[in-house]
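The structure appears right after this line, and notes come after that.
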Amino acid sequence: MAAIDYEQRIPNNVDLANNKTLQRALEHWQPHFLQWWHELGPAFFQNKDIYLRTATSVDKEGWATFGMVKMPEYRWGIFLADQKPDRTIGFGDNMGQPVWQVVPGEHRSTLRRLIVTQGDTEPASVEQQRALGSTAPSLYDLRNLFQVNVEEGRHLWAMVYLLHAYFGRDGREEAEALLERHSGDPDKPRILMTFNEPIRDWLSFFMFTYFTDRDGKFQLKALGESGFDPLARTCQFMLTEESHHMFTGDTGIGRIVRRTVEVMNDVRTDDVERVRAAGAIDLPTIQKYMNFWFSSSIDLFGADISSNAASYFAAGLKGRPDESLYPEHRAEGEYALELPDGHAGMRSESVSMRNAMNEVIRSAYIRDCENGVKRWNKIIEKGGVKFDLRLPSSRFHRTVGSWANVPTDPEGNRISAEAYAAGLPNWIPTPEDQAFVASLMKPVYEPGKMASWIAPPDRGINNLPIEYQYVRVA
Ligand SMILES: [Fe+2]
Ligand SMILES: [Fe+2]
């Protein structure tokens, strides 16, 4: 296994010390990254000690160390999973051929676009979340926010390394451009729409880390199958960090639900206004936030019929998540899609599996999303409350693919534009809902204490108690 060199300005396990040109290029990009971090990274807490984990090994066991770090001093580095000797391409038309250690000329622009698109999401989410520290519901949550933020920063490093190391001058220009586009910027927005949505409150943050970081997981798994070996190895290691982001969302929503159910039992009501007055977030509002972030996140997988997706698969650039679990790896079969018909209904159409590749991956993602919803519903049921959270239909509230701008209700039934406009305030957060959630966002910085609307976590970080001072705010 390649050891991580921590003596370097840029920690790495890619032997940067012996590639002076690349090292110099990355050391030139580093101050630009730090400047971006200061300007658009987490606001207010840059000089505080935070209990963070840092990747120090790509070993599955014990890959990270924990300690008090100020964010600008975080050791962002370049870490690839170990190379598998004699690895071959695992899918598509080039299946069985040796993986590429350099970029094949004919796939150069496609690979660059895939890497830039992935890379663009990493700093985007840091920008989206930058103001949240000022309203954290506890020091535990504040620390988790910053952990997610520094790791998204490292994921940017992971993609910038590939651009610098394998794409020459265009790669270096793309690396600069990753710091020039900004979330929500009207002139230079981030590439994907979800990453331009503001994250104003912690309910949105937990939805984002549950649903949108999970999109990241599926993209990384698909790129982790790539025949371009450095990309595959980079993504495989990023997944190790990514799981904490989804954990933050999963447990965050679970804790909010638990607190809401407690309050409902205390005040013996399911009346929305009374639950809100008691300082908790009512379940219908949680459902609306879920509808919004789920529908936005499934857009990220792209159009349901896509010749680009087919060619990525055919060429061996991007596989299916967990490709090895599929019974065959050429995807030559058919896939049945439900599409809107010209009237007010649906029709079935069978398309080639490769052209439906985005839909194949989206479906796997949706199945994965269901697990958290089941856990949250268990909490509600245990509290004796009758309410089921549920994922809306994948046809609801879409802006990408065949169902883009087709009015449906959350169950996916086609409805008139008027019925849609009338129903929407019941289905996704209204300005009033957002204002209510915003009104709860008051910082709680006393160790071990939680805001009124969220239950404490089951345990602290790295076996420390929940009362530990995870961020030295004073
Ligand atoms: Fe990431
Ligand atoms: Fe993430």
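The values are calculated or read from the model by the stated rules, or taken from the named source; none is laboratory data. Quick caveat: nothing in here was measured; it's all calculated off a predicted structure. Cβ: placed from backbone, ideal geometry, glycine included. Neighbour counts: every protein chain shown.
Hey, any hits in segment 397-413 for a residue that's part of a loop (DSSP other than H, G, I, E, B), surrounded by fewer than 19 Cβ atoms within 10 Å (Cβ to Cβ), hydroxyl-bearing (S, T, Y) and in contact (Cβ under 8 Å) with a residue 24 or more places away in the chain? Yes, that holds for at least one residue. Out of everything in segment 1-52 that is at pLDDT 95 or above and part of a strand (DSSP E or B), what residue ends up being farthest from the chain's Cα centre (by Cα)? Only one residue tops the list, namely D49. Only one of F79, F91 is of a type outside the set (S, T, N, Q) and more than 21 Å from the chain's Cα centre (by Cα). Can you tell me which? F91 is the lone residue from the list that is of a type outside the set (S, T, N, Q) and more than 21 Å from the chain's Cα centre (by Cα).
Does R472 satisfy the condition of being of a type outside the set (F, W, Y) and under 18 Å from F146 (Cβ atoms)? Considered against the rule, which asks whether it is of a type outside the set (F, W, Y) and under 18 Å from F146 (Cβ atoms), R472 comes out as yes. Scanning segment 29-79 for residues that are within 16 Å of L145 (Cα to Cα) and among the hydroxyl-bearing types (S, T, Y) gives Y51, T54, Y74. Here P457 meets each of (1) surrounded by fewer than 17 Cβ atoms within 10 Å (Cβ to Cβ); (2) in contact (Cβ under 8 Å) with a residue 60 or more places away in the chain; (3) assigned to a loop (DSSP other than H, G, I, E, B) with one exception, condition (1). Considering the conditions (1) more than 16 Å from ligand 2 (Cβ to nearest atom); (2) in a helix (DSSP H, G or I); (3) under 16 Å from the mean Cα position of the chain (by Cα), R169 is excluded by exactly one of them, (3). Can you tell me which residues in segment 172-206 are in a helix (DSSP H, G or I) and touching a Gly at 6+ places or on another chain (Cβ under 7 Å)? Passing the criteria: L178, N196, F206. Considering segment 191-233, and only residues there that are modelled with pLDDT of 95 or more and acidic (D, E), the residue that is nearest to ligand 1 (Cβ to nearest atom) turns out to be D213. For T234, the test of being touching a Gly at 6+ places or on another chain (Cβ under 6 Å), β-branched (V, I, T) and over 25 Å from A404 (Cβ atoms) is failed. G171 meets each of the listed conditions (1) within 12 Å of ligand 1 (Cβ to nearest atom); (2) free of Cβ contacts under 8 Å to residues at least 60 places away in the same chain; (3) more than 16 Å from L40 (Cβ to Cβ); (4) not β-branched (V, I, T) apart from (1). With the structure loaded, tell me whether Q236 is in a helix (DSSP H, G or I), touching a Cys at 6+ places or on another chain (Cβ under 9 Å) and within 14 Å of ligand 1 (Cβ to nearest atom) or whether it fails that test. No, not satisfied.
Tell me whether segment 101-116 contains one or more residues that are within 18 Å of the chain's Cα centre (by Cα), within 25 Å of I191 (Cα to Cα), within 16 Å of ligand 1 (Cβ to nearest atom) and not in a helix (DSSP H, G or I). So far as segment 101-116 goes, no, none of its residues is within 18 Å of the chain's Cα centre (by Cα), within 25 Å of I191 (Cα to Cα), within 16 Å of ligand 1 (Cβ to nearest atom) and not in a helix (DSSP H, G or I). Taking the condition surrounded by fewer than 17 Cβ atoms within 10 Å (Cβ to Cβ), touching a helix residue (DSSP H, G or I) at 6+ places or on another chain (Cβ under 8 Å) and either farther than 23 Å from F167 by Cα or of a type in the set (F, W, Y) (or both), does H32 pass? When the stated conditions are applied, H32 does not pass them. Among residues of segment 344-386 being hydrophobic (A, V, I, L, M, F, W, C), over 19 Å from the mean Cα position of the chain (by Cα) and part of a helix (DSSP H, G or I), the one that is farthest from I415 (Cα to Cα) is I379.
Among the conditions (1) within 15 Å of ligand 2 (Cβ to nearest atom); (2) surrounded by fewer than 19 Cβ atoms within 10 Å (Cβ to Cβ), the only one that Q147 does not satisfy is (2). Out of R276, R259, R354, one residue alone is farther than 30 Å from E432 by Cβ and in contact (Cβ under 8 Å) with a residue 40 or more places away in the chain. It is R354.
Of the residues making up segment 90-140, those that are away from ligand 2 (no atom under 16 Å from the Cβ) and among the polar types (S, T, N, Q) are N94, Q97, Q101, S109, T110, S134, T135, S138.
Scanning segment 27-86 for residues being of a type in the set (S, T, Y) and within 23 Å of P443 (Cα to Cα) gives a total of 1. Of all the criteria given as (1) part of a helix (DSSP H, G or I); (2) surrounded by 15 or more Cβ atoms within 10 Å (Cβ to Cβ), the one not satisfied by N94 is (1).
Residue by residue, here is whether (1) surrounded by 23 or more Cβ atoms within 10 Å (Cβ to Cβ); (2) over 18 Å from the mean Cα position of the chain (by Cα); (3) within 16 Å of ligand 2 (Cβ to nearest atom); (4) not hydrophobic (A, V, I, L, M, F, W, C) holds:
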| site | (1), (2), (3), (4) |
| --- | --- |
| F228 | yes, yes, no, no |
| F247 | no, no, yes, no |
| R258 | no, yes, no, yes |
| N265 | no, yes, no, yes |
| E273 | no, yes, no, yes |
| A280 | yes, yes, no, no |
| M290 | yes, no, no, no |
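Across segment 153-164, a minimum of one residue is classified as buried (at least 19 other Cβ atoms within 10 Å of the Cβ), within 24 Å of Q469 (Cβ to Cβ) and within 13 Å of ligand 2 (Cβ to nearest atom). The residue of segment 207-226 that is nearest to ligand 2 (Cβ to nearest atom), among those that are part of a helix (DSSP H, G or I) and of a type in the set (D, E), is D213.
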